[in-house]
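Novice: The structure that follows is given in the form of structure tokens.
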Amino acid sequence: MADLLWDDVKCFFDPRLMGSLPDVIVPETSVQDWQAVLDLVGASGWKYQYSEGETMLPVPRAEAPLSRPADAECPQLRVWPTADVLAIFRFYSAKQIDFDVDLRELQGQERLDVFYGFLTAIGRRLGKPVLMDSEGSNHSRPALGFDVETDQVILMAEPWPGEHCLSGEMGAPTDSSIKQSPQDAHVLQMETQNQP
């Protein structure tokens, strides 16, 4: 698949199905991989902001936040590939690179292309997969991600049938932690249609 088309993948970008903040990971990483991501961010022209708690600081070498005391607050690196798309990296562990994105910012083909390019840039720099799964998942069944062998972002799960994909304008959910199965979403859609 050379490109992801919005109509083919929009169910995986529905906050009501996936949670508004899906988990994106690079598995089996090292401090060197984290540093490679920091170098990529610095060299790509993306806007970025590093913070520890409420304090904004210059971006350190990766070793520093990854070797912080156990009781220290987890540092964050906010990266804007474009002005309207934000990724937040959290320095939980050297063994896995974690970041999340807000699906409410990733609606439509243009934003999908930005996300596609962002995952591709990280995957190519590291030579590792970059996987997106639903919010709070255990990363066992990623929906899509950068595949090293094909050198592109591919679907890794079958999209739900069209009738299970909620249509209409995506709005901010009242509770971003709520996730539904496709069956629940279909019931919700039917109930909404039947309301006077």
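Novice: Only Cα pairs under 8 Å and at least 6 apart count here; give the relative contact order of segment 1-147 as a rounded whole percent. Write down the numbers at each step before the final one.
Specialist: Numbers: 252 pairs, mean separation 47.1, N = 147.
Averaging sequence separation for qualifying contacts and normalising by length gives 32 percent for segment 1-147.
Novice: Using θ = phi - 60° and the Karplus form 6.51 cos²θ - 1.76 cosθ + 1.60, what ³J(HN,Hα) does each residue of segment 92-104 get, whole Hz, x for Gly and Pro?
Specialist: 6, 7, 5, 7, 7, 8, 10, 8, 9, 10, 9, 4, 5
Novice: Oh, and also: Taking θ as phi - 60°, what are the ³J(HN,Hα) couplings along segment 131-140 by the Karplus curve (6.51, -1.76, 1.60), each to the nearest whole Hz, with x for Gly and Pro?
Specialist: 10, 10, 10, 5, 4, x, 7, 9, 6, 7
Novice: Separate question: What aspartates and glutamates could a cross-link reach from residue 128, if we take a straight Cα to Cα line under 17 Å and drop same-chain neighbours fewer than 8 places away?
Specialist: Within the straight-line cut-off, residue 128 pairs with 23, 28, 33, 39, 98, 147, 149, 151.
Novice: Find out how many positive minus negative residues lie around residue 126, taking Lys and Arg as positive, Asp and Glu as negative, among other residues whose Cβ is under 15 Å from that of residue 126. Each step should come with its number before you reach the end.
Specialist: On the way: positive: 95, 124, 125, 128; negative: 28, 33, 39, 98, 147, 149, 151.
Taking every other residue near residue 126 into account, the sum is -3.
Novice: Could you tell me what % of all Cα pairs in segment 1-92 have separations over 20 Å? The partial results should precede the final answer.
Specialist: Numbers: 2006 of 4186 pairs.
Cα-Cα pairs in segment 1-92 separated by more than 20 Å: 48 percent.
Novice: Right, another one. Grab the other residues whose beta carbon is less than 10 angstrom from that of residue 100, score K and R as +1, D and E as -1, and report the net. Write down the numbers at each step before the final one.
Specialist: Values: positive: 90; negative: 23, 98, 102, 135.
Once all neighbours under 10 Å are counted, the net charge is -3.
Novice: Near residue 156, within a Cβ-to-Cβ distance under 11 Å, what is the net charge of the other residues, with Lys and Arg +1 and Asp and Glu -1? Present the calculation step by step, with values, prior to reporting the outcome.
Specialist: Numbers: positive: 141; negative: 133, 147, 158.
That sum, taken over residues with Cβ under 11 Å, equals -2.
Novice: Provide the per-residue ³J(HN,Hα) series for segment 4-9, in order, calculated from phi with Karplus coefficients 6.51, -1.76, 1.60 and θ = phi - 60°, each as a whole number of Hz, with x at glycine and proline positions.
Specialist: These are the phi-based 3J(HN,Hα) values: 8, 9, 4, 5, 7, 10 Hz.
Read-outs throughout are calculated quantities, based only on the coordinates presented, and are distinct from any laboratory measurement. Source: prediction; values computed, not measured. Neighbour counts are summed over all protein chains in view; Cβ atoms, including those assigned to glycine, are modelled from backbone coordinates with ideal geometry.
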